Structure formats: structure tokens, C-alpha cells
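The values are calculated or read from the model by the stated rules, or taken from the named source; none is laboratory data. Worth saying up front: this structure is predicted, and the values here are computed from it rather than measured. No Cβ is skipped: glycine too gets one built from the backbone with ideal geometry, and neighbour counts run over all protein chains shown. All accessible areas refer to the heavy atoms of the entire protein, side chains included, with ligands and DNA or RNA removed. Shrake-Rupley method; radii C 1.70, N 1.55, O 1.52, S 1.80 Å.
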Amino acid sequence: MFQIRLCLLLFISTIVSLQAQQPKKLKSSEIYEAVQKLNVLGSVLYIAAHPDDENTRLISYMSNEVKARTAYLSLTRGDGGQNLIGPEIRELLGVIRTQELLAARRVDGGEQRFTRANDFGYSKHPDETLEIWNKDEVLADVVWAIREFKPDVIINRFDHRTPGTTHGHHTTSAMLSVEAFDLANDPSKYKSQLTDTEIWQPKRLFYNTSWWRYGSQEKFDKLDKSNMLNFDVGVYYPSKGMSNNEVAALASSQHLCQGFGRLTQRGTQEEYIEFLKGDDLNGSENIFEGIDTSWNRVEGGQAIETLLKSIETNFNFKNPASHLPQLLEAYKLVQNLKDEHWKTVKSKELKEIIEACAGLYLEVSAKSPNAAPNSEVTLDMEVINRSTSKIELLSYQLSTLQNGTSKKITLKNNQKLNFEERITIPKNSDYTTPYWLNKEASLGMYHVEDQKLIGLPETPRAIFVDFNLLIEGTPISFKKPVVYRYSKPDKGELYRPFEIIPIVSASISDKVFIFENDQQKEIEVTVKAGKNNLSGYVQMAYPKGWSIFPEKQKIEIANKGDIQKVVFTVIPPKNQSEGLISPMVNIDGQFYTDELIEIDYAHIPFQTVLIPSESKVVRLNIEKRGNNIGYIEGAGDVVPVSLRQIGYNVTIIKPEQISPENLANFDAIVVGIRAYNIVEDLKFKQKFLLEYVKEGGNLVVQYNTSRGIKIDNLAPYNLKLSRDRVTDENAEVKILEPNHPILNYPNKITSQDFEGWVQERGLYFPNEWSKEFTPLLAAHDKGEKSKKGSLLVAKYGKGNYIYTGLSFFREFPAGVSGAYRLFANLLSAEKEDTISLKK
Ligand SMILES: [Zn+2]
């Protein structure tokens with residue numbers, strides 16, 4: 001009792017303020033939990049498709065209550081979603097979400113794995129998903145994850161039997177899991193993996209079901225649950241001062257870029273898993289039924305069990321170091337285990353516990369956050385033993401050097417030792433960047449050649465130090481990656497991973513440049529030095545028919561980290577054309593063509609990503625009428641910036657500025673995406689917008705979601721939104737009214753304008769409208785009925801009301817010509833006065 005109270009008093013956990021960058025420093029209560037976990041030889045793999053799909057309540061329960069080794073296999077890194085905290089999208093968003101998953105696992109105690117599948121965006125059906133993913137490769141990666149992690153139990157987040165009821169990625173994750181369950185143990189399947197791992201048969205497969213699978217709590221309550229297990233995932237952990245569901249909420253609150261910050265929850269909560277496959281439970285409520293999850297599971301485990309169980313039973317919270325002799329004895333026994341898998345897993349756990357019990361602190365920090373290959377960096381090493389145990393530092397070995405440095409120093413209790421080493425980053429070092437982005441990805445897959453990297457959440461650190469110690473006569477070495485430690489007056493101590501960067505990188509100010517006529521434009525290129533005294537020149541690569549001058553510009557940068565900006569003039573061709581431009585920096589005869597992107601958020605470690613530096617240039621054949629556009633913002637999109645790129649004068653109108661007098665200044669008004677879902681004030685301003693149309697204005701309303709609309713009179717006539725969407729960006733678009741002015745004036749719209757679209761055609765199309773509306777286009781996904789609601793136009797008074805669910809907000813940033821031409825037509829729609837003028 002005294003022990004528990006002590007640990008509560010001293011160690012009520014503060015993982016709320018967990019610093020993503022800080023090295024792990026275990027408290028007594030956490031060492032005790034680690035010892036408990038050390039004594040469980042069982043494992044659970046949870047499988048789903050995206051960051052945030054994972055049920056952190058169950059993962060935390062398996063990890064913290066069952067004490068099983070628990071991992072989440074997310075098929076993708078969530079590259080296809082939206083980012084609520086910053087500008088990163090696509091692969092950069094995938095980098096953030098990868099780190100958010102790792103942050104979530106640091107909270108709930110799980111591990112994290114991935115496959116090479118690329119999150120290409122929404123799909124309605126697994127068939128559609130598997131047309132874009134390479135099924136064989138993703139399945140191979142699921143098999144690889146099972147063979148490597150060797151789970152006893154697999155739990156699917158989604159139901160493999162209900163395709164079409166949720167995101168296609170979701171169902172696919174479950175279907176592949178079911179297939180992989182059998183394949184992992186078949187030595188004839190994915191044979192090449194077996195040079196690096198072994199076959200493995202998981203014992204059981206479950207589906208993490210819920211009442212919503214059955215439509216209502218009532219129906220679920222009545223269900224025969226004899227093939228289900230349930231757990232109270234609200235269990236309270238005194239050692240953490242928190243319930244399991246509180247831990248789970250903190251874990252899922254790490255998904256900040258998806259807006260998952262939420263309140264913690266307490267109290268009893270039932271979670272169900274349905275048995276799908278594997279060994280029968282025989283009525284048992286233990287998911288590990290039939291598996292010995294004690295040390296007796298492995299040959300030679302008995303003696304280890306005796307040693308470690310006694311530590312667990314008699315744990316000394318005041319002086320964990322008193323357990324070191326037994327822990328070291330156990331460590332030696334583990335080294336003799338024949339079972340390589342458990343030997344690896346448990347050695348790692350034991351070393352962490354030994355390090356924590358001894359109050360050992362081993363750190364290598366660089367004097368700068370990064371360095372380029374072939375440049376020098378000073379490393380500071382700190383070594384301290386904060387226990388009375390007999391510990392000797394035999395030597396340390398830098399990964400960049402052939403030979404270790406011999407020391408043979410006894411580490412006296414609480415006497416800090418510091419060593420300094422000046423090293424040269426090897427000339428041929430790889431730059432620090434996510435390994436899966438090294439090769440160009442396809443829409444559905446990342447390409448990774450090294451089998452051993454596949455599935456890893458991040459690139460293993462290239463520069464580290466092995467500290468070779470003798471603890472109470474037992475030799476143990478601890479590997480520490482180099483970090484950068486610094487402080488800020490307003491933040492305190494901070495950590496960053498140490499990075500290897502190129503000597504120079506370059507970026508262009510925008511990702512897309514639209515040329516709406518043959519006028520030249522100036523673009524700005526920023527060159528950043530990765531070393532001191534950088535000298536060279538920068539030139540541009542550009543597509544045929546275009547020209548850029550001057551040909552070269554001189555670069556002189558004195559200090560590492562500083563930038564120099566240069567301006568180039570781009571001259572487009574006479575006719576429609578598009579291509580890529582990219583800066584090439586020449587230093588001592590070698591070209592550098594990458595852009596260095598830094599991702600810096602407080603909840604995840606600092607990230608650097610190297611990608612080819614390039615921007616799209618598009619010469620449009622585009623005509624437009626009118627010039628002044630008013631824009632009412634919805635959920636942040638880049639449509640205003642894009643309209644400015646094609647020469648419109650765009651004014652952002654705040655809801656309180658919407659008045660008849662104000663609106664009268666504009667040739668057209670555009671309502672931003674989901675504005676009627678999120679802008680409360682539009683309820684009171686809609687009448688002015690409709691009046692504007694009546695008086696001869698053009699109003700273009702972009703998509704809103706069908707649920708949560710804040711107004712009744714979205715349009716002047718009946719218009720009902722639905723969840724209709726066309727997710728295939730190449731789905732054929734049928735022009736229903738080829739002679740309609742909007743498809744002819746001022747630009748003639750043809751099927752060509754629907755080529756090269758990205759991600760999707762559109763979403764939340766209306767599916768019911770009154771006769772005043774004319775549907776102009778039709779499209780549908782494979783196997784579905786034609787949908788005509790993507791672009792609807794109605795005359796109202798002297799003006800035009802236009803509603804469109806087409807994804808202009810996605811097409812503009814990708815520089816899709818047809819999207820610009822069509823949107824220009826919407827803004828230029830003929831009004832009564834223009835019609836009469838023409839007559
Ligand atoms: Zn998902």
C-alpha cells in the first residue's frame with residue numbers, strides 16, 4: 001500500500017505535457033510498468049488504413065492493461081487528407097501524420113508500422129482501391145509486418161465482409177489482413193522476405209466491432225455475442241493517475257492536423273471484438289487462450305521467469321537500482337535464448353529497464369542542428385550514473401569512425417562525465433529525409449527497394465554512438481542517436497534530431513504559375529546554404545517552347561543557414577502549354593536540385609524533407625469577362641489565390657461586409673467551400689446574396705456538405721444536397737447541354753477541358769433540384785448511375801445562380817487548365833445586359 005501511494009504522490013504522470021523531442025526518462029512507476037510488461041510474452045497487431053483509424057482505447061488497453069506487445073499497422077500514412085494546422089499537403093502531410101502516429105504510440109505504449117500504400121484520396125469500394133494500390137505489394141507488406149512483428153492476435157478495425165459501406169481503403173485493410181493471416185505462414189509465399197525473416201502463424205484474427213456496425217445500440221444489445229469478447233476499456237491505472245480511456249484520448253489527440261484534439265473520458269466503457277479466424281476460443285475470455293504468455297513460452301525461460309517475477313512482486317519504488325543484479329542476470333540468460341525473436345524483443349526492453357534503474361543518462365548532442373556531408377561537427381557526450389551500482393565506461397564507438405575510443409573509467413555515483421569529439425560527416429552520407437520519399441511515388445504506391453526499410457515508421461538515424469559499459473561485471477552497450485539540444489528563453493530546453501543536409505538547396509516561391517496570356521512573369525528563387533562560404537551559380541531548367549532569363553545568376557552566401565533570393569523572368573509560349581521548371585544550383589561543377597522542407601510543430605519532432613525542387617508553369621488559352629470578384633471564405637482554400645493568378649482582382653468579403661451596396665461593386669461573387677457549413681453569419685446575409693443575383697449578379701457557390709447546413713434557402717429555388725460524389729478523377733464527363741452559354745462563352749468547353757484532373761471530379765452534388773436549374777454535366781464512378789448535379793445553373797432575375805460540387809479547389813493548385821477555363825466561364829456568365837448588348 002505504501003508503495004502504491006508513494007508512486008501516486010511522486011509520479012502522477014505528466015504525459016499531457018509530453019515533449020515530442022525529449023529523450024525518454026522513466027519514473028519509478030514507469031520502470032515498474034516496464035517490468036510488468038517484460039514478463040508478458042504475448043503480442044497484438046491492430047490493422048487499419050489511415051492515421052486516426054486506430055482505436056486508441058483498445059491499443060492502450062492491450063498495451064497497458066493486458067501488457068501485451070502491441071502495434072498498429074496503418075496501411076497508409078494519410079497523405080490524402082486535409083491539414084488543419086499548416087500548409088503541408090500530400091506527401092508532406094504524410095510525414096506529419098506518420099509523426100503524429102508515433103506521438104500517439106508514445107502515449108498509449110504501442111508500436112507503429114506501415115506499408116508502402118499511398119493514400120491517394122477517397123475511394124468508395126475496395127475494387128476501386130485495389131485498382132490504384134498494387135494489391136500484391138500491399139499484401140506482401142502486410143505479410144511482412146506479420147512475419148516481422150509475429151503477433152499472436154490480429155485485430156482488424158474494419159469489417160472485411162461489407163465492401164461499399166465505408167472508405168474503400170478501410171475495407172481493403174481488413175480484406176488484406178484476412179488474406180495475410182494465412183499467407184504469412186506459407187513458406188512458398190513472398191519467399192524473398194524469408195532471407196530477412198521467418199514465416200509466422202498468428203493464433204487468432206478478430207474484428208473490432210461496435211454497435212454502429214448493426215445500426216443501433218438496441219439492435220446490438222439483442223445480438224448473440226457468443227463469438228465476441230469484450231473488455232472494459234475504462235479501467236483505471238493508479239500508476240498513471242489516469243483511466244485507460246483518458247490515455248486513449250490523449251493518444252488520439254496527437255492527431256492534431258486532422259483536428260482530433262478532444263476531451264479525455266473516464267468511466268466504464270465496453271469494447272467488443274468478434275472472432276473471425278484461427279484457433280477456437282473454447283468459451284474462454286482470454287484472447288491469448290492456448291498461448292503461454294509467460295517466460296515459460298520460450299525454451300530456457302523458466303529461470304528468467306523466476307528472476308523477473310520476483311522483481312515484479314517485490315518492486316522497490318524508492319530504489320529501483322537495487323534490482324540491477326537480478327536484471328543483469330536475466331539479461332545474460334536472455335542472450336542465451338534460442339528463440340531469436342523474443343531474444344531481440346526482450347533484450348531491448350531489459351536494456352531500457354537496466355538503464356532506467358541505474359539512473360543512467362547517456363546523450364550525444366551536436367553543436368549545430370545539422371551538417372552537410374564532408375563538413376565537421378562537434379559532438380558533446382554526457383555520461384552519468386546516478387546509482388551506487390558499479391558501472392564502468394569501457395569505450396564508446398562513433399558510427400562515423402572505424403575504431404572506438406577506449407576509456408575504462410568508473411562512473412561514480414552522480415559524477416557527470418563529458419567528452420567532446422569533432423567528427424567529419426562522411427562524404428557519401430545519405431541526407432536525412434523520409435526513406436519512402438527517396439524515389440518518385442505513383443498515385444497508389446511508394447517505392448522502397450530495401451526490404452528491411454519497408455514498414456518502418458521513419459528512416460533509421462545515420463549518426464549515433466554506442467556506449468560500451470560494464471555494469472556490475474556485465475558488458476552492455478547502449479546506442480544513442482545524435483541529437484541537437486538547445487534552449488529558447490520562452491520555451492526552455494528543446495531537442496531536435498540531428499540532420500544531414502545538402503550543401504545547398506533551392507525553392508521557388510509558388511508551386512504553380514498560371515500565364516493567362518503571353519505576358520512574361522517574374523519568379524523568385526530562394527537559395528539556402530548548408531555550409532559556410534558557399535559560392536556558385538543557379539540556372540533554371542524549363543520546358544520546350546518556354547524561355548527563362550537570365551541564363552545564370554551568381555550565388556555567394558557567407559554563412560550556413562543564410563539565404564539568397566534571385567529573380568528570373570519567365571516567358572510563356574503563344575499557345576496553351578504546360579510543364580515543369582526547376583532551379584539547378586551549381587557548386588564546384590556539381591548540380592544540386594533539391595528543395596529542403598522543414599516541418600516544425602511542437603507536438604512532433606522537427607522534420608526535414610528533401611524533394612525535387614520544381615514548379616508547374618501553365619500557359620492557358622483563356623478568355624474572361626469582368627474583373628472584380630468578391631470572395632466569401634469558407635474552410636480555407638486557395639481559390640482566391642488561383643483566381644488572382646489568372647488576372648482577376650479578388651477581394652475577400654467578410655460576412656459582416658455583405659450588404660447590397662458592397663456587393664454591387666463586383667462582377668461576380670464566389671462562395672468558398674463549405675461556407676454555409678461553417679460561417680454562422682451567412683444565415684442573415686443570404687438574402688443580400690440572392691438579391692444581388694436578382695439584380696443582375698453572378699453568384700458561384702462551391703460545395704457544402706449535406707449535413708450541418710446553416711441556412712434553409714441555399715438557393716433561390718429548391719436545391720437538395722446529397723452525398724453523391726465522383727471520386728475517379730478520370731471519370732468521363734458528359735456535356736449535357738453543349739450549346740448552353742456557360743459552356744461556350746467566353747471559352748468553348750470541350751471534353752479536353754476535363755483531362756488531367758486530379759484526385760476527384762467533385763463531391764456532395766445536389767441530387768434534387770427544381771425545374772429552373774439546368775444541369776450542364778454528367779459523370780459517375782464505375783458501376784454507378786449517372787450523376788447530373790456537379791454543375792447546376794439557374795437564371796434568377798437578371799443574374800445567374802450557379803451551384804457546383806466540382807473540385808476546383810483541388811484542380812487549381814495542380815494547375816489544371818480546363819478547371820480554370822470552366823471557372824472563368826462561370827464568372828463570366830451572361831447577364832441580361834450583356835445579352836442585350838450582343839443583340
Ligand atoms: Zn480512415
Considering (1) surrounded by fewer than 21 Cβ atoms within 10 Å (Cβ to Cβ); (2) away from the ligand (no atom under 16 Å from the Cβ); (3) in contact (Cβ under 8 Å) with a residue 12 or more places away in the chain, say which one Pro87 fails and leave the rest.
(3)
The lone condition Leu417 fails out of (1) at pLDDT below 95; (2) under 20 Å from Leu401 (Cβ atoms) is (1)
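For (1) in contact (Cβ under 8 Å) with a residue 60 or more places away in the chain; (2) closer than 29 Å to Ala71 by Cβ, each residue gets a yes or a no:
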residue	(1), (2)
Trp342	yes, yes
Val345	yes, yes
Leu379	yes, no
Ile384	no, no
Lys390	yes, no
Ser395	yes, no
Ser399	yes, yes
Could you pull out the residue among Asp186, Asp182 that is assigned to a loop (DSSP other than H, G, I, E, B), more than 22 Å from Val345 (Cβ to Cβ), open to solvent by 30 Å² or more (accessible area, probe 1.4 Å) and more than 16 Å from the ligand (Cβ to nearest atom)?
Asp186
Going through (1) modelled with pLDDT under 95; (2) within 16 Å of the ligand (Cβ to nearest atom) one by one, Tyr207 fails only at (1)
For Pro741, all conditions in the list (1) open to solvent by 30 Å² or more (accessible area, probe 1.4 Å); (2) under 23 Å from Thr165 (Cβ atoms) hold save one; what is the number of the exception?
(2)
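Name the one entry in Asp119, Asp159 that is within 16 Å of the ligand (Cβ to nearest atom) and free of Cβ contacts under 8 Å to residues at least 60 places away in the same chain.
Working: Asp119 fails: free of Cβ contacts under 8 Å to residues at least 60 places away in the same chain.
Sole residue among the options that is within 16 Å of the ligand (Cβ to nearest atom) and free of Cβ contacts under 8 Å to residues at least 60 places away in the same chain: Asp159.
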Against the conditions (1) touching a Pro at 6+ places or on another chain (Cβ under 9 Å); (2) away from the ligand (no atom under 16 Å from the Cβ); (3) under 29 Å from Glu449 (Cβ atoms); (4) open to solvent by 30 Å² or more (accessible area, probe 1.4 Å), where does Met175 fall short? Just the number, please.
(2)
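I'm trying to understand the selection: among the residues of segment 30-47, which are within 16 Å of the ligand (Cβ to nearest atom) and in a helix (DSSP H, G or I)? Let's see the steps before the verdict.
Residues of segment 30-47 within 16 Å of the ligand (Cβ to nearest atom): 46-47.
Residues satisfying the conditions do not exist here.
Quick one: which residue in Ile423, Ile353, Ile391 is touching a Ser or Thr at 6+ places or on another chain (Cβ under 9 Å), within 20 Å of Tyr331 (Cα to Cα) and β-branched (Val, Ile, Thr)?
Details: Ile423 fails: within 20 Å of Tyr331 (Cα to Cα); Ile353 fails: touching a Ser or Thr at 6+ places or on another chain (Cβ under 9 Å).
On inspection, the qualifying residue turns out to be Ile391.
Do we have His169 as open to solvent by less than 10 Å² (accessible area, probe 1.4 Å) and either in contact with a strand residue (DSSP E or B) (Cβ under 9 Å, 6 or more places away or on another chain) or within 15 Å of the ligand (Cβ to nearest atom) (or both) here? If you could, list the steps in order and put the result at the bottom.
Values: open to solvent by less than 10 Å² (accessible area, probe 1.4 Å): yes; either in contact with a strand residue (DSSP E or B) (Cβ under 9 Å, 6 or more places away or on another chain) or within 15 Å of the ligand (Cβ to nearest atom) (or both): yes.
Yes; evaluated as a whole, the condition is true for this residue.
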Going residue by residue through segment 210-217, is there one that turns out to be within 15 Å of the ligand (Cβ to nearest atom) and open to solvent by 30 Å² or more (accessible area, probe 1.4 Å)?
yes
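Which of the residues belonging to segment 241-256 are assigned to a loop (DSSP other than H, G, I, E, B) and crowded, with 20+ Cβ neighbours inside 10 Å?
From segment 241-256, those assigned to a loop (DSSP other than H, G, I, E, B) are 241, 253-255; that's our starting set.
Ser253, Gln254, His255 - these are the residues of segment 241-256 that are assigned to a loop (DSSP other than H, G, I, E, B) and crowded, with 20+ Cβ neighbours inside 10 Å.
Tally time: how many residues in segment 108-138 are part of a helix (DSSP H, G or I) and open to solvent by 10 Å² or more (accessible area, probe 1.4 Å)?
Taking segment 108-138 and keeping what is part of a helix (DSSP H, G or I), we get 108, 126-132, 135-138.
Going one step further and asking which of them are open to solvent by 10 Å² or more (accessible area, probe 1.4 Å), we end up with 127-128, 130-132, 135-137.
Adding up the residues that qualify gives 8.
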Yes/no for Pro489 being touching a residue at least 40 places away in the same chain (Cβ under 8 Å) and either on the phi > 0 side of the Ramachandran plot or not basic (Lys, Arg) (or both):
no
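Condition check ((1) open to solvent by 50 Å² or more (accessible area, probe 1.4 Å); (2) more than 26 Å from Thr400 (Cβ to Cβ); (3) touching a His at 6+ places or on another chain (Cβ under 8 Å); (4) not in a loop (DSSP other than H, G, I, E, B)) across all residues:
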{"residue": "Thr432", "(1), (2), (3), (4)": "no, no, no, no"}
{"residue": "Glu449", "(1), (2), (3), (4)": "yes, no, no, no"}
{"residue": "Phe467", "(1), (2), (3), (4)": "no, no, no, yes"}
{"residue": "Lys480", "(1), (2), (3), (4)": "no, no, no, yes"}
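How many residues are hydrophobic (A, V, I, L, M, F, W, C), without any contact (Cβ under 8 Å) to a residue 60 or more places away in the chain and within 30 Å of Ile391 (Cα to Cα) if we restrict to segment 410-462?
Summing the residues that are hydrophobic (A, V, I, L, M, F, W, C), without any contact (Cβ under 8 Å) to a residue 60 or more places away in the chain and within 30 Å of Ile391 (Cα to Cα) in segment 410-462 gives 4.
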Looking at (1) touching a Leu at 6+ places or on another chain (Cβ under 7 Å); (2) open to solvent by less than 60 Å² (accessible area, probe 1.4 Å); (3) not polar (S, T, N, Q), which one does Gly756 not meet, given that it meets all the others?
(1)
If Gly81 meets every condition in (1) open to solvent by less than 10 Å² (accessible area, probe 1.4 Å); (2) among the small types (Gly, Ala, Ser); (3) within 16 Å of the ligand (Cβ to nearest atom) apart from one, which number is that one?
(1)
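Out of Glu299, Glu285, I need the residue that is within 22 Å of Leu38 (Cα to Cα) and either open to solvent by 30 Å² or more (accessible area, probe 1.4 Å) or part of a loop (DSSP other than H, G, I, E, B) (or both). Which one? Explain how you work it out, then say what you get.
Details: Glu285 fails: within 22 Å of Leu38 (Cα to Cα).
None of the others qualify; the one that does is Glu299.
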Condition first: within 14 Å of the ligand (Cβ to nearest atom), part of a loop (DSSP other than H, G, I, E, B) and at pLDDT 95 or above. Now tell me which residues in segment 48-77 satisfy that.
Ala49, His50, Pro51, Asp53, Glu54, Asn55, Leu75, Thr76, Arg77
All but one of (1) at pLDDT 95 or above; (2) out of contact with any Asp or Glu (no Cβ under 9 Å at 6 or more places or on another chain); (3) in a helix (DSSP H, G or I) hold for Arg105; which doesn't?
(2)
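Residue check: is Pro766 free of Cβ contacts under 8 Å to residues at least 40 places away in the same chain, within 30 Å of Pro163 (Cβ to Cβ) and surrounded by 14 or more Cβ atoms within 10 Å (Cβ to Cβ)? If you could, list the steps in order and put the result at the bottom.
Values: free of Cβ contacts under 8 Å to residues at least 40 places away in the same chain: no; within 30 Å of Pro163 (Cβ to Cβ): yes; surrounded by 14 or more Cβ atoms within 10 Å (Cβ to Cβ): yes.
So Pro766 fails the test.
Out of the residues in segment 303-339 that are farther than 25 Å from Lys390 by Cβ and in contact with a helix residue (DSSP H, G or I) (Cβ under 6 Å, 6 or more places away or on another chain), which is surrounded by the most Cβ atoms within 10 Å (Cβ to Cβ)? Walk me through it before giving the result.
From segment 303-339, those farther than 25 Å from Lys390 by Cβ are 305, 309, 313, 337-339; that's our starting set.
Next, from what is left, pick out any that are in contact with a helix residue (DSSP H, G or I) (Cβ under 6 Å, 6 or more places away or on another chain): 305, 337.
Values: Glu305: 17, Leu337: 19.
If we take residues in segment 303-339 being farther than 25 Å from Lys390 by Cβ and in contact with a helix residue (DSSP H, G or I) (Cβ under 6 Å, 6 or more places away or on another chain), then Leu337 is surrounded by the most Cβ atoms within 10 Å (Cβ to Cβ).
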